[in-house]
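Q: The structure is given below, and queries will be raised subsequently.
Where a number appears in this text, it was derived from the coordinates with a stated rule and is not lab data. Quick caveat, the model's predicted, so the values are computed rather than measured. Here the Cβ is made from the backbone with ideal geometry for all residues, glycine too, and neighbour counts use every protein chain on show.
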């Protein structure tokens, strides 16, 4: 169950890959440090190939497709090996496409109205952009009217090594989305020693 997996890892690495070599090296470092869940955002032309490369190389990797904005992406993501999908926004056509393709889906919301609609489709909801919306205070406020619903929140956007523990303590939060440990800038510059330091900083830290 996706919710259990994300709740266990606590911080989902949100990755942007331009080429498969960087994707494989980053995935190797994550898995080496006990992180088997990886979100590969569909922000580059090579994203789907990176998903497939990770799945082919690392059988234990649980790879998701992030930044899903088109209904056709669900079928393609599943074809390339993704086992879950995440969007930065809420759209009923995307939710329905996820159901059609039987892929666990995390829609993104930023308002109470969107949250209420999204709960009809998923028990995992992304709050984006978390920091810009008001951070932990906003998350607690938006979750409050829906306390009786059984769901988990994944705040993403503006979360890093300095504040992720605070977010994990917010109402209904089961995990955070972080690009900090897998910075696309560091990947492009091939600074994998720094990436591993950041992975250890986040995932080796007691929660």
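Q: Give me the distance between the Cα centres of the range 1-60 and the range 161-207, rounded to whole Å.
A: 14 Å
Q: Also, quick follow-up: Arrange the following residues from fewest to most other Cβ atoms within 10 Å of their Cβ: 26, 41, 71.
A: 71, 41, 26
Q: If r is the Cβ-Cβ distance from residue 166 to residue 8 and R0 is 25 Å, what FRET efficiency results, to the nearest 0.05?
A: 0.80
Q: Order of 164, 151 from fewest to most other C-beta atoms within 10 Å?
A: Ascending number of Cβ neighbours within 10 Å: 151, 164.
Q: Taking the mean number of other Cβ atoms within 10 Å as a proxy for protection, how do you rank 138-144, 13-19 from highest to lowest?
A: Taking the mean over residues of other Cβ atoms within 10 Å, the ranking is 13-19, 138-144.
Q: Please find the FRET efficiency linking residue 121 to residue 21, where r is the Cβ-Cβ separation and R0 is fixed at 25 Å, and quote it to the nearest 0.05.
A: The computed FRET efficiency comes out at 0.10.
Q: Can you give me the relative contact order of the range 2-203 as a percent, contacts being Cα pairs under 8 Å and 6 or more apart?
A: Over the range 2-203, the number comes to 21 percent.
Q: As a check on your grasp of the helix formula, calculate [θ] at 222 nm for the chain: sum -39500 (n - 2.57) over DSSP H runs of n ≥ 4, divide by the residue count, round to the nearest 500.
A: So the calculated ellipticity at 222 nm is -12000 deg cm²/dmol.
Q: Sticking with this structure for a sec: Relative contact order, percent, of the range 80-187 when contacts are C-alpha pairs under 8 Å separated by at least 6 residues?
A: Normalised by residue count, the contact order of the range 80-187 is 20 percent.
Q: Moving to a separate point now. Provide the gained length on full extension for the span residue 144 to residue 32, in nm with one decimal, where the gain is 0.36 nm per separating residue minus the Cα-Cα distance.
A: Length difference between fully extended and current span is 36.5 nm.
Q: Taking 0.36 nm per intervening residue step and subtracting the Cα-Cα distance, what contour gain separates residue 59 from residue 43 on full extension?
A: Here the segment from residue 59 to residue 43 would lengthen by 3.4 nm.
Q: Give the shape of the range 1-65 as rounded, prolate or oblate, defined through the alpha-carbon gyration tensor: a ≥ b ≥ c are the square roots of its eigenvalues, a/c under 1.5 means rounded, and otherwise the shape is prolate if a/b is larger than b/c and oblate if not.
A: It comes out prolate by the Cα gyration axes.
Q: Right, here's the next one. I need the shape label for the chain. Rule: rounded when a/c is under 1.5, else prolate if a/b > b/c, else oblate, with a, b, c from the alpha carbon gyration tensor.
A: The shape class here is oblate.
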